[in-house]
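Coordinate-derived values only; no laboratory data. Here the structure is a predicted model, which is why all the values come from computation and not from measurement. When we count neighbours, we look across all protein chains shown, and the Cβ atoms used for this are built from the backbone with ideal geometry, even at glycine.
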Amino acid sequence: MALYNVDGIVIRVRNFQEADKIVVLLTREEGKVEAVARGARRPRNRFAAATQLFSHVRAQLFSGRSLDTLSQVEIVESFRQLREDLVRMAYATYACELIDALLPERQRQEAPYLLLLTSLHLFNEPDRAPEPLLRAFELKLLSMLGFRPSLTECVGCGAEEVQQGGAVRFAPVLGGVLCPQCSAEGEGAMRLSLGALESMKRLLDGDIRRAHVIRLSGEVAAEIDRALTAYILARTERRLKSKEFLDTLRSNP
């Protein structure tokens with residue numbers, strides 16, 4: 001078996017057999033990797049702390065036929081405070097599940113790894129509003145993976161004049177905004193106010209470390225949430241459980 005080293009973030013964990021865990025790591029060097037951590041469910045096991053969700057680790061693994069095996073691991077950052085705040089933990093859990101849903105295994109893509117690592121650090125800071133940060137994360141991740149939504153040109157004909165009646169039509173399945181002439185083609189298209197559209201543009205193109213300064217009113221935040229939820233569903237073709245849990249938390253503050 002070949003031995004290899006990675007910097008990684010634990011994005012999913014599940015129990016395996018009597019005392020093991022299977023962890024999914026988003027790594028800088030190898031992309032998304034799945035590995036078994038022997039005995040990690042035992043309290044004093046050397047892998048117990050490092051195999052918790054969000055953990056940023058340096059790890060050594062053996063490659064196997066179906067599953068790799070964790071050999072050694074060192075915690076770089078545990079994000080313990082993040083796991084102690086239910087709301088922020090829900091935001092970060094959704095970010096991890098979204099990356100897991102969109103990325104194939106074993107395709108090295110350093111940009112999503114750096115985006116997630118930066119976002120976990122930002123979610124971990126209590127003075128930063130998590131909602132605009134999450135929206136920036138979604139938009140930037142989609143763009144990195146080739147799913148950048150068209151927010152300036154009509155996805156039907158390429159026209160740059162897309163405003164109609166102080167709003168635009170956003171078609172999640174087609175991949176962006178529609179001009180008035182093409183609006184009938186967008187099955188499931190929804191109204192998006194100009195304020196929501198401009199906020200999405202700023203979140204997509206701006207520095208994610210400054211996302212928290214973008215103030216989203218309740219109405220604008222709800223519009224962006226509906227648009228991106230539908231847009232992501234059209235690409236993952238499944239609802240993410242962590243998103244449903246986050247929605248429940250936000251509806252019952």
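Evaluating kT/(6 pi eta Rh) at 4 °C and 1.567 mPa s, with the Kirkwood radius of the range 3-78 over Cα pairs in the Stokes-Einstein relation, gives 109 µm² s⁻¹. The slack between Ala101 and Arg210, meaning 0.36 nm per residue of separation minus the straight C-alpha distance, is 36.6 nm.
Counting beta carbons within 10 Å around each of Leu194, Leu70 and listing the fewest first gives the order Leu194, Leu70. Of Ile224, Ala196, Gly158, which is farthest towards the positive pole of the chain's charge dipole, taken about the Cα centre with +1 and -1 on the beta-carbons of Lys, Arg and Asp, Glu respectively? Value computed over the given set: Ile224. When the alpha-carbon atoms of the range 86-136 are used, the pair Rg, Dmax equals 11.4, 35 angstrom.
Between the listed residues Leu26, Phe47, Gly64, the Cα displaced farthest toward the positive end of the dipole of the range 3-78, a dipole computed from Cβ unit charges relative to the Cα centre, is found at Phe47. Among the cysteines of the chain, Cys96, Cys157, Cys182 have no other cysteine beta carbon within less than 4.7 Å of their own. Counting only other residues whose beta carbon sits under 15 Å from that of Gly186, what net charge do I get with K and R as +1, D and E as -1? Its environment carries a net charge of 0. Using only side-chain charges placed at the Cβ, +1 for Lys and Arg and -1 for Asp and Glu, the dipole size of the chain relative to its Cα centre rounds to 840 debye. For the chain, the relative contact order is 15 percent, taking Cα pairs closer than 8 Å that sit 6 or more residues apart in sequence and dividing their mean separation by the residue count. In the range 3-78, Cα pairs under 8 Å separated by at least six residues give a relative contact order of 31 percent. Gyration tensor over the Cα atoms of the range 63-119: the corresponding equivalent ellipsoid has semi-axes (square roots of 5 times the eigenvalues, largest first) of 23, 17, 12 Å. Residues in the range 194-204 carry Karplus couplings, in order, of 5, x, 5, 4, 5, 5, 4, 4, 5, 5, 5 Hz; the curve used is 6.51 cos²θ - 1.76 cosθ + 1.60 with θ = phi - 60°, and Gly or Pro positions show x. Taken about its Cα centre, the range 138-200 carries a charge dipole of about 160 debye when Lys and Arg each add +1 at the Cβ and Asp and Glu each add -1 at the Cβ. Recomputing Cα extents along the principal axes in Å from the coordinates shown identifies the correct label among [x] 54, 48, 35; [y] 63, 38, 29; [z] 48, 44, 33 as [y]. Ignoring the sites themselves, the chain has its longest run without GluC sites (Glu not before Pro) in a DSSP loop having at most 12 other Cβ atoms within 10 Å at 85-159. Sorted fewest first by neighbouring Cβ atoms within 10 angstrom, Leu240, Leu139, Leu120 come out as Leu240, Leu120, Leu139. Under the rule of at least 5 residues apart or a separate chain, name every residue whose amide H is placed under 5 Å from the amide H of Val76. When sequence neighbours closer than 5 places are left aside, the close amide H contacts are His56, Val57, Arg58.
In the chain the longest region clear of trypsin sites (Lys or Arg not before Pro) that are loop-assigned by DSSP and have at most 13 other C-beta atoms within 10 Å covers 109-214.
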